[in-house]
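Peer 1: Just dropping this structure here.
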Ligand SMILES: [Zn+2]
């Protein structure tokens with residue numbers, strides 16, 4: 001919020017300067033350039049959440065993200081989609097991107113390719129039924145993946161660049177520091193929306209990085225823009 005406000009303020013100052021200094025033709029040009037600059041100079045970064053949805057913490061997280069006007073990417077497990085379908089509908093309605101994290105958190109191995117594929121397909125179908133949207137992104141549990149599934153299922157794996165190990169610490173300040181210290185343009189932050197400490201940390205991370213000029217986007221915007 002703060003960064004948007006400061007950008008608007010900066011644009012306002014530039015516009016005011018243009019009005020004072022310039023003849024009408026140049027004024028329009030400068031005003032347009034300033035407005036375009038304010039729209040495009042943000043650094044994009046993505047928050048991603050695995051293993052949910054969780055009946056309590058995901059809801060809190062969605063409330064906090066909504067307040068801040070932030071979109072995230074949720075890699076959900078099919079067995080949790082089955083239990084909390086209303087949270088999947090809410091994510092979709094509020095502009096978040098929903099990806100697949102298998103049905104039961106299965107790790108791909110040499111011997112379980114068929115079962116792994118079945119878990120992905122089953123979870124895709126469940127999400128698509130709720131949202132009406134095709135699921136194109138997968139976060140394979142433990143990052144284990146086989147490229148053949150990309151063609152077979154038309155799905156793309158999304159790994160991460162910042163892992164604050166939020167699942168093994170309830171030290172909010174430590175999680176926040178870990179992420180903000182490593183933040184950079186186009187980074188993908190991995191978190192888990194099943195802990196109170198993660199929700200608190202994630203919202204503090206949003207506030208801190210928005211203040212530094214970051215814009216939170218869903219992973220499709222980072223991968224294909
Ligand atoms: Zn996971």
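A short reminder: the numbers here are calculations on the coordinates, not readings from a lab. Note that this is a predicted model, so its numbers are computed, not measured. Reconstructed Cβ throughout: ideal geometry from the backbone, glycine too, with neighbour counts over all protein chains shown.
Peer 1: Over the Cα atoms of the stretch 142-217, each weighted equally, I'd like the Debye log10 I(q)/I(0) at q = 0.24 Å⁻¹, rounded to two decimals.
Peer 2: Debye intensities relative to I(0), on a log10 scale: -1.07.
Peer 1: Extension gain residue 86-residue 207, at 0.36 nm per residue separation less the Cα-Cα distance, in nm?
Peer 2: My answer for the length gained is 40.9 nm.
Peer 1: Tell me, how many Å apart are the Cα centres for the stretch 168-185 and for the stretch 128-154?
Peer 2: Computed from Cα coordinates, the inter-centre distance equals 28 Å.
Peer 1: While we're here: Evaluate the distance, in nm, between pseudo-label points positioned 7 Å from the Cα of residue 154 and of residue 180 along their respective Cα→Cβ axes.
Peer 2: 4.2
Peer 1: Average projected area of the Cα convex hull of the stretch 43-224, in nm²?
Peer 2: With every direction weighted equally, the projected area is 9.6 nm².
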